[in-house]
Amino acid sequence: MDLVIQASAISTADVAAIASLTGAQGIHALDGGLHQAYRLSRVLPCAGAAELCAAAGIDHAFVPSGLTRDRVRVVAMDMDSTLITIECIDEIADRLGIKPDVAAITAAAMRGEIDFAESLVRRVALLSGLPVGELERVYVERLALSPGAERMLRGFKAAGAKTLLVSGGFTYFTDRLQARLDLDATAANTLEIADGRLTGRVLPPVFDGEAKAARLAQMRERHTGAGGIAIAIGDGANDLPMLKAADVSIAYHAKPVVRAQATYAIDHCGLDAVLNLFA
């Protein structure tokens, strides 16, 4: 077992303390991009090391030494608050001046407090009448990739992995991100539009958490092969079915219910920190 630690800055004293607590047999500096990262080899997992990392704001993961990047054949990602920094539907709602109303429903759904499909229908209904051109303004003016997203994608693509973007959001945004980032596949909900305006409805069926898991399962069956693995990255409760369908699941700046069930969690670093979980 190895221990990967990552943060914007890690003191020499913290590295030494963590190595001592875990009985690490070696310390190797990793390429963490904008962050510092180390791999401590042949460690013994202990609660004390996890507590030290948490107190210091360090992302940590106890990983098998055989978990290598060349085994990753599929990388599935959520979109809102994972691949990108915003919740698109909340920003769309802001164009109508109702962002707080919609954002409250979004947050409850992501915490798993209300059914996702129900929440989506309720939120989209509030967008009725919005000119479709406002979607472009959200994409151009407000959508930003999460830190490290492009570096992560380049790293996994270089290792031969296929990329899948699945979202409870909208194809308007996933289609544009697919072209922009050269993603292999995407799936999301389609907003109904009539006379250049949103009708307040989503074209059925609603693309929910179970649908995300099904799309990942399809790609996993098609591409992993013998010894290959599929990983999934998400932040909200509707990502849980997909995370459970993956061989390795990663909670990215996620809600507590997601962190509690994922294989690993990235709470402080950018998306490219996922690369260092795979030797």
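The values are calculated or read from the model by the stated rules, or taken from the named source; none is laboratory data. No experiment lies behind these values; they were computed from the predicted model shown. Every residue, glycine among them, receives a Cβ derived from its backbone with ideal geometry; neighbour counts consider all protein chains shown.
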Residue ID - surrounded by the most Cβ atoms within 10 Å (Cβ to Cβ), chosen from residues in the range 224-235 that are outside any loop (DSSP other than H, G, I, E, B) and over 11 Å from the mean Cα position of the chain (by Cα): 230
Some residue of the range 187-208 being on the phi < 0 side of the Ramachandran plot, of a type in the set (Asp, Glu) and in contact with a Ser or Thr (Cβ under 9 Å, 6 or more places away or on another chain): yes
Complete set of residues in the range 111-148 that are assigned to a strand (DSSP E or B) and more than 17 Å from the chain's Cα centre (by Cα): 131
Qualifying residue in the range 185-193 (condition: part of a strand (DSSP E or B) and of a type in the set (Asp, Glu)): yes
Filter result (touching a residue at least 60 places away in the same chain (Cβ under 8 Å), surrounded by fewer than 20 Cβ atoms within 10 Å (Cβ to Cβ) and not in a loop (DSSP other than H, G, I, E, B)) within the range 194-214: 197, 199, 200, 201
Sole exception among (1) over 27 Å from residue 243 (Cβ atoms); (2) touching a helix residue (DSSP H, G or I) at 6+ places or on another chain (Cβ under 8 Å); (3) among the hydroxyl-bearing types (Ser, Thr, Tyr) for residue 20, by number: (2)
Of all residues making up the range 236-279, the number that are crowded, with 22+ Cβ neighbours inside 10 Å, among the acidic types (Asp, Glu) and closer than 20 Å to residue 211 by Cβ: 1
Residue satisfying condition, being of a type in the set (Gly, Ala, Ser), closer than 20 Å to residue 148 by Cβ and touching a Leu at 6+ places or on another chain (Cβ under 7 Å), within set 273, 254, 262: 262
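For every residue, the table says whether it meets (1) in contact with a helix residue (DSSP H, G or I) (Cβ under 8 Å, 6 or more places away or on another chain); (2) surrounded by fewer than 21 Cβ atoms within 10 Å (Cβ to Cβ); (3) touching a residue at least 12 places away in the same chain (Cβ under 8 Å); (4) not in a helix (DSSP H, G or I).
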{"residue": "150", "(1), (2), (3), (4)": "yes, yes, yes, no"}
{"residue": "153", "(1), (2), (3), (4)": "yes, no, yes, no"}
{"residue": "167", "(1), (2), (3), (4)": "yes, no, yes, yes"}
{"residue": "173", "(1), (2), (3), (4)": "yes, no, yes, no"}
{"residue": "180", "(1), (2), (3), (4)": "no, yes, no, no"}
Hits in the range 62-101 (condition: modelled with pLDDT of 95 or more, surrounded by fewer than 17 Cβ atoms within 10 Å (Cβ to Cβ) and of a type in the set (Gly, Ala, Ser)): 97
Considering residues of the range 21-48 that are loosely packed, with under 15 Cβ neighbours inside 10 Å and modelled with pLDDT of 95 or more only, the residue nearest to the chain's Cα centre (by Cα): 29
Looking only at the range 102-124, and only at residues there that are in contact (Cβ under 8 Å) with a residue 40 or more places away in the chain and of a type in the set (A, V, I, L, M, F, W, C), the one that is surrounded by the fewest Cβ atoms within 10 Å (Cβ to Cβ): 121
